[in-house]
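Here it is: the structure, laid out below.
The values are calculated or read from the model by the stated rules, or taken from the named source; none is laboratory data. All values reported here derive from a predicted model rather than from experimental measurement. Virtual Cβ from ideal backbone geometry, glycine too; neighbours counted across all protein chains shown.
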Amino acid sequence: MRMKFLNTHVDNLTMSEAIVETDRLIRERKHSYVVTPNMDHIVLIEKDEMFKKIYDKADLILTDGMPLLWIAKMLGTPIKEKISGADFFPEMCRMAEKEGYKIYILGAAEGVAVKAAENLKSKYEGLQIVGTYSPPIGFEKDEDAVESIIDRINASCADILAVALGSPKGEKFIYRIRDRINASLSISIGATIDFEAGNVRRAPKWMSNIGLEWFYRITQDPARLTKRYWKDAVSIIPIMKKYGKKAK
């Protein structure tokens with residue numbers, strides 16, 4: 001069930017319901033894409049018109065982050081479950097293995113996607129990861145490079161495109177090429193590929209469950225993430241005031 005949430009919408013689903021919906025979208029063959037809003041995305045939607053447009057047209061919107069669940073509860077519109085990309089993508093791989101869907105991974109540092117693919121295929125016997133590619137920095141400004149990537153994806157006959165270019169770059173690239181690729185479903189998975197490759201440690205499950213994954217991530221990369229998370233925490237307050245009143 002899709003519902004209004006702050007400056008966007010979310011599909012209020014459990015993980016199992018989200019996987020069923022993903023399977024349905026793949027079977028429709030309509031170049032669908034998934035987004036996974038967190039606090040950073042909500043803040044960006046408010047000031048980036050293109051990012052807002054991408055969210056407005058998304059086929060599946062899954063809530064990534066306990067803070068958003070807390071906010072939804074405060075506003076009287078509770079969300080069933082946190083569905084982070086790092087949890088959702090492995091479940092998608094499990095479903096792809098069962099249904100015979102093929103996956104292409106685009107992005108991450110050189111060699112990272114290859115290692116992640118190896119690990120995922122070890123976990124899910126029979127999973128078909130039909131290609132990986134780590135494009136050079138700035139590739140998106142070169143139309144020939146973009147066309148080459150589209151050709152790689154289409155030649156692989158992938159059903160699912162998983163993009164690990166960071167946010168909002170990943171979402172914007174998916175939106176840019178969505179009608180030029182044959183893959184039925186695309187998703188921006190950010191750091192998930194680093195987790196699956198084993199070169200970045202994810203927070204323990206208990207920390208994730210109580211909403212402290214952000215704190216764990218700060219301890220892993222304080223120089224980059226402390227400022228970002230603080231900025232998001234401050235910026236979300238006026239957004240809550242603005243759209244919370246409308247919700248009531």
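Looking at the range 172-183, I want the residues that are of a type in the set (Phe, Trp, Tyr) and have a partner that is surrounded by fewer than 19 Cβ atoms within 10 Å (Cβ to Cβ) and part of a helix (DSSP H, G or I) with Cβ atoms under 7 Å, at least 6 apart or on another chain. Which pairs are those?
Listed pairs, sorted by first residue: PHE173/GLU140.
If you don't mind, another one. Mind checking whether some residue in the range 68-88 is part of a helix (DSSP H, G or I) and under 19 Å from ALA158 (Cβ atoms)?
The answer is yes, given that some residue of the range 68-88 is part of a helix (DSSP H, G or I) and under 19 Å from ALA158 (Cβ atoms).
Let me ask you something else. When residues of the range 1-58 are filtered for being assigned to a loop (DSSP other than H, G, I, E, B) and farther than 25 Å from ARG94 by Cα, how many remain?
Initial filter on the range 1-58 (assigned to a loop (DSSP other than H, G, I, E, B)): 1, 6-7, 12-14, 29-31, 36-38, 48, 57-58.
Then drop every residue that is not farther than 25 Å from ARG94 by Cα, which leaves 6-7, 48, 57.
Summing the residues that are assigned to a loop (DSSP other than H, G, I, E, B) and farther than 25 Å from ARG94 by Cα in the range 1-58 gives 4.
Suppose we keep only residues that are surrounded by fewer than 21 Cβ atoms within 10 Å (Cβ to Cβ) and modelled with pLDDT of 95 or more within the range 162-174. Which one would you say is farthest from ALA108 (Cα to Cα)?
LYS172
Let me ask something else about it. Can you tell me how many residues in the range 142-161 are crowded, with 20+ Cβ neighbours inside 10 Å and either in contact with a Gly (Cβ under 8 Å, 6 or more places away or on another chain) or among the basic types (Lys, Arg) (or both)?
Summing the residues that are crowded, with 20+ Cβ neighbours inside 10 Å and either in contact with a Gly (Cβ under 8 Å, 6 or more places away or on another chain) or among the basic types (Lys, Arg) (or both) in the range 142-161 gives 3.
Turning to a different aspect of this structure: Any idea which of GLY131, GLY85, GLY107 is under 20 Å from ILE181 (Cβ atoms) and at pLDDT 95 or above?
Step by step, each of GLY131, GLY85, GLY107 is checked, and only GLY131 is under 20 Å from ILE181 (Cβ atoms) and at pLDDT 95 or above.
Quick grid of which residues meet (1) over 26 Å from TYR175 (Cα atoms); (2) under 17 Å from the mean Cα position of the chain (by Cα):
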residue	(1), (2)
LEU62	no, yes
ALA72	yes, no
ALA108	no, yes
GLY111	no, no
SER134	no, no
